[in-house]
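**Student:** The structure's right below; bear with me while I get my questions together.
Please treat every number below as a calculation from the coordinates, not as lab data. Just so it is clear, the structure is predicted and the values come from calculations on it, not from any experiment. Positions of Cβ are generated from backbone atoms using ideal geometry, with glycine treated the same way; all protein chains shown enter the neighbour counts.
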Amino acid sequence: MIRKIIFVRDTGKVMIDKTRESIKRPMQTSNSTTRAIGWWRPQSRPPDIGADAISAAVRRVTEPACIVEVDGQPGVGRDGCVTIDSTRTDVGGSTGGFPVLGFIPALHPEDLGDPYFKHSFGLRYPYVIGAMANGITSVKMVETAARAGMIGYFGAAGLALEDIETAIVQLRQRVTDLPFGFNLIHSPSEPDLEAATVDLYLKHAICRISASAYLDLTLPLVYYRIKGIHRGADGRVVCPNHVTAKVSRVEVAKKFFSPPPEKFLRQLLDRNMITSAEAELARCVPVAETMTAEADSGGHTDNQPAISLLPTMLALRDRMAESFGYDRPLSVGLGGGIATPAAVSAAFALGAAYVLTGSVNQACLEAGTSATVRSMLAEACQADVTMAPAADMFEMSVKVQVLKRGTLFPFRAAKLFDLYCRYGSLEEIPQKERLMMERDLFRRPVDEEWEQTKNFFRLRDPQQIERAAKDPKHKMALVFRSYLGQSSNWANSGDPSRKIDYQIWCGPSMGAFNEWTRGSFLERPEHRSVVTVALNLLVGAAVATRFNWLRAQKVVMSPDVGKFRPLPLEEIASLIDRGSTKSA
């Protein structure tokens, strides 16, 4: 294997040498008409010839490789000595070596992404498991990700406080000192719940959260970020609590990359929730040091194109870092559409510090959803998604992206929102429409549905019932939200009687993933484990990147050389073992 690189300053040559032992003279090659960048002399084995050899070399991501010409055919030199000198035109004839058409260094999947991000989070891989609500990103999924050198955020949104606390206790017991986090979702209709969730995280010293669906900063979020802030022994400001913001709008991203607003600091001081020292230090740090640029994703999304969103967020990062002079780098990753090796490779090529996956994880065995949902997701195509009203922000006209294949949920949810916009109360809805709701959606009288809704909010947020007693339109919204909220629970539990009403958060990336895995072992949902999926995406991204490096050197290859087919976990492990010399 080629191991050592020495740059010769005076000649502009690069010598790549494995050993100081003598090198046998290789077989001569004819003068090449293809542009060569140097020459290669083997040590102990001749070059491997043919497209298959090149494809295998590109897949061996932990090994560097030279693409050479052998009697007019492409080949691969795997050990020996390489001299890079693009000024020579008679490489083969003058040196007795093989003309070098291209060179690719090793690229282990753990070397992708931003080194600072990985170090600060304690990760091996720049890979984040996004927080899918209602526990879909489950305790088991978060634990599995942590043990594999990645980080997952438990999907706390939509769950009762006691269920979130149970998950915290379980992860504390199972994961101990490995990195993990929890979700904190913006709850404009239930601010007390958001505040109680923050109190729970602070109580249990949950030091990493993923802040999602925020339209603006809130007092509980700022409180979480700055509580306990202090100066370390080296004099630098230390924030015990780390916020990763998932954002798709520049105006919101700017607020997260800024220090906390003064109005919130004053409120927290007035309520004796923070000290004056904490307030002073809070002015030196951003609300979030890490941000996920959220492109066209499942669930809450603005359907932004990743190829324009990420560069915009990276430019904002640079401006904000310069403006405030932070003493730590700001990191920006990419989520939404991350489901194929090409997408992962493109994200890192654009400058992403890490990638975040969502929809594809819901199709994995560790997801807190049903086997029925996993099967439905495995059949999804890229166009099998649509937007539907969101349960948590129904009255604000906010929508989420869901699967439409095999379910009527998005169409029924849209009907409810139409009725909400047209009428001021449940009583105003025409009898025909009312009967339709009772027969197809609620499957009981509207009055009974309201009683069940009240029972739910008595435990979750009693103030909603008080407001509904004064505002009939809000009462109608709560009843409609009840259907929207239960629809995701029916999906997670796999209720067969409610399959037509399943709400399954899903982006178009699911279809892209299914297309990539078609014909492989990952086509079947029972083979999809979250780490198997993640490592296949990362190794595939390394292969795609190495292929593009060769293309940039004008090496002519079939597109098949850059394709990576999913491999079982044990084969992936063998492929990325740094000490392995096995052929791919």
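**Student:** On the principal axes of its Cα set, how long, how wide and how thick is segment 110-369? Give whole Å, largest value first.
**Tutor:** 49, 42, 38
**Student:** Something else: With bins 10 Å wide starting at 0, give me the P(r) of segment 71-209 over every alpha carbon pair, in whole percents.
**Tutor:** All Cα pairs considered, the percentages come to 10, 30, 18, 11, 10, 11, 8, 2.
**Student:** May I pose another question? Could you give me the ³J(HN,Hα) list for segment 187-196, computed from phi with Karplus coefficients 6.51, -1.76, 1.60 and θ = phi - 60°, whole Hz, x at Gly and Pro?
**Tutor:** 10, x, 8, 9, x, 5, 5, 4, 5, 5
**Student:** Students often check this: by mean Cβ neighbours within 10 Å, which of 328-340, 225-237, 485-497 ranks highest, and how do the rest follow?
**Tutor:** Result, highest mean Cβ count within 10 Å first: 328-340, 485-497, 225-237.
**Student:** If eta is 0.692 mPa s and T is 37 °C, what Stokes-Einstein diffusion coefficient results for segment 368-526, Kirkwood Rh from Cα pairs, in µm²/s?
**Tutor:** The calculation lands on 196 µm²/s.
**Student:** Another one. Taking a quarter of the surface of the Cα convex hull of segment 290-375, what do you get in nm²?
**Tutor:** That works out to 6.8 nm², a quarter of the Cα hull's surface.
**Student:** In the structure displayed, which of Lys118/Lys246; Lys227/Lys263; Lys415/Lys473; Lys246/Lys415; Lys432/Lys475; Lys246/Lys399 lie more than 22 Å apart, Cα to Cα?
**Tutor:** Distance filter (> 22 Å) returns Lys246/Lys415.
**Student:** Of all DSSP beta bridges located in segment 110-369, what percent are antiparallel, nearest 5?
**Tutor:** 5
**Student:** To continue, here is another question. Summing Lys, Arg as +1 and Asp, Glu as -1, what charge do residues with Cβ under 15 Å from the Cβ of Val355 carry, Val355 excluded?
**Tutor:** -2
**Student:** Follow-up question, since we're still on this one. Which of the peptides 405-418, 271-284 is most tightly packed, and how do the rest follow, going by the mean number of other Cβ atoms within 10 Å of each residue?
**Tutor:** The peptides rank, most packed first, as 405-418, 271-284.
**Student:** Helix 530-552 sits at what angle to the longest principal axis of the chain, using alpha carbons and giving 0 to 90 degrees rounded to 10?
**Tutor:** 40
**Student:** With each run of n ≥ 4 DSSP H residues scored as -39500 (n - 2.57), what mean residue ellipticity at 222 nm is computed for the chain after dividing by its residue count and rounding to the nearest 500 deg cm²/dmol?
**Tutor:** -12000 deg cm²/dmol
**Student:** Provide Rg and Dmax in Å for segment 463-584, with only Cα atoms included in the calculation.
**Tutor:** Looking at segment 463-584, its Cα Rg and Dmax stand at 23.5, 73 Å.
**Student:** With axes computed from alpha carbons, what is the tilt in degrees of helix 446-460 against the longest principal axis of the chain, rounded to the nearest 10 within 0 to 90?
**Tutor:** Its long axis makes an angle of about 70 degrees.
**Student:** Taking a spot 7 Å from the Cα of Arg467 along the direction of its beta carbon, which residues of segment 393-420 have an amide N less than 16 Å from it?
**Tutor:** Those under the cut-off are 393-398.
**Student:** Taking every pair of alpha-carbon atoms in the chain, what share in percent sits in each 10 Å bin, from 0 to the bin with the longest distance?
**Tutor:** P(r) for the chain, in whole percents per bin: 3, 16, 23, 22, 16, 10, 6, 3, 1, 0.
**Student:** Sticking with this one: Give me the number: length gained by fully extending Asp111 to Glu379, i.e. 0.36 nm times residue separation minus the C-alpha to C-alpha distance, one decimal in nm.
**Tutor:** Length difference between fully extended and current span is 93.2 nm.
**Student:** If you project the alpha carbons of segment 314-452 onto the principal axes, what extent comes out on each, in Å, largest first?
**Tutor:** 61, 39, 26
**Student:** What are the equivalent ellipsoid semi-axes of segment 132-284, built from the alpha-carbon gyration tensor (square roots of five times its eigenvalues), in whole angstrom, biggest first?
**Tutor:** Its equivalent ellipsoid spans semi-axes of 25, 18, 15 Å.
**Student:** Follow-up question, since we're still on this one. For segment 252-407, give the share of DSSP beta bridges that are antiparallel, in percent and rounded to the nearest 5; count only bridges with both residues there.
**Tutor:** Bridges in segment 252-407 are about 50 percent antiparallel.
**Student:** Next question, about the same structure. Please compute the contact order of the chain in relative form: average sequence separation of alpha-carbon pairs under 8 Å and at least six residues apart, divided by the residue count, as a percent.
**Tutor:** 14
**Student:** Show me, bin by bin at 5 Å from 0, the whole-percent P(r) of segment 229-337 based on Cα pairs.
**Tutor:** Whole-percent P(r) values from 0 Å outward: 2, 12, 21, 20, 17, 13, 9, 5, 2.
**Student:** What FRET efficiency, computed as 1/(1 + (r/R0)^6) with R0 = 22 Å and r the Cβ-Cβ distance, is obtained for Asp52 and Ser529, rounded to the nearest 0.05?
**Tutor:** The calculated FRET efficiency here is 0.15.
**Student:** Please give the peptides 143-154, 521-532, 357-368 ranked by average Cβ packing (other Cβ atoms within 10 Å per residue), highest first, as a rough proxy for protection.
**Tutor:** Top to bottom by mean Cβ count within 10 Å: 357-368, 143-154, 521-532.
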